[in-house]
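Data block below; observations after.
The values are calculated or read from the model by the stated rules, or taken from the named source; none is laboratory data. On a predicted model such as this, the values are computed, not experimentally measured, just so you know. Here the Cβ positions follow ideal geometry from the backbone for every residue, glycine too, while neighbour counts run over all protein chains shown. Ligands, DNA and RNA are excluded from the accessible area calculation, which covers all protein heavy atoms including side chains. Shrake-Rupley method; radii C 1.70, N 1.55, O 1.52, S 1.80 Å.
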Amino acid sequence: MGEALFLALIALHVLAATAWVGGVLFFVFAVVPAARAAPGAGIPEALGRAFRPVAYGALGTLIVTGPLLLTVLGISPRTFLQARFWADPFGITLGVKVVMIVLVLALTVWHDAVLGPRAHRTGEPGATRIVGRAIGLLSVAILLAGLLLAQGL
Ligand code: HEM
């Protein structure tokens, strides 16, 4: 039962990671260049609106399945109080991963709720593109951190 639950959770986690990271990279490498080539055509706004439920659904799934994976692995909130846990490679990777996830969440909300609508109003991308790239880089780093965790590192 434990193994089946773990497999179900890791499958959901990996599918959601694929949807999130793939979507973010598609925006950085396809949507932004297309928007540059056709400014004012509303390309990033239309695609962003259409993809948002998938992106937020994937992020939500990651944030739910991640802690559930830790629970199945026998890592409880009590473990987090032990200094020893944070000195282990697994604890260090998890700590770095969680900090990057918090950053990605904050940057995504800022990008979607503040910077994106402002860029749309003014016609100037401003910080939208650089924040979008930061979200892309961090998302890839989070994915790599996940691979280390899966190796127990
Ligand atoms: C943007 C968010 C996230 C992404 C892109 C992501 C990505 C990944 C990936 C690609 C793996 C490797 C799976 C494998 O190779 O089997 C993984 C594993 C893992 N993730 Fe995440 N993850 C995210 C959020 C979280 C969160 C919020 C937590 C918990 C706080 C978490 C905890 C874990 C754990 C414990 C593993 C290792 C499972 C194992 O032992 O096989 N992840 N993650």
Of the residues in region 125-153, those that are more than 9 Å from the ligand (Cβ to nearest atom) and outside any helix (DSSP H, G or I) come to P125, G126, A127, L153
Checking the conditions here, which among F85, F90, F29 is more than 9 Å from the ligand (Cβ to nearest atom) and surrounded by 15 or more Cβ atoms within 10 Å (Cβ to Cβ)?
F85
Which of the residues that make up region 110-126 are among the small types (G, A, S) and open to solvent by 40 Å² or more (accessible area, probe 1.4 Å)?
A113, G123, G126
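Could you please give the count of residues in region 65-82 that are assigned to a helix (DSSP H, G or I) and near the ligand (Cβ under 8 Å from one of its atoms)? First the steps, then the outcome.
Let us first name the residues in region 65-82 that are assigned to a helix (DSSP H, G or I), namely 65-72, 79-81.
Okay, now just the ones that are also near the ligand (Cβ under 8 Å from one of its atoms), so 65-67, 69-70.
Total satisfying the criteria: 5.
Scan region 45-64 residue by residue and report those that are farther than 20 Å from R129 by Cβ and either under 13 Å from the mean Cα position of the chain (by Cα) or near the ligand (Cβ under 10 Å from one of its atoms) (or both).
Keep residues of region 45-64 that are farther than 20 Å from R129 by Cβ, which gives 53-54, 56-64.
Within region 45-64, V54, Y56, G57, A58, L59, G60, T61, L62, I63, V64 meet the criteria.
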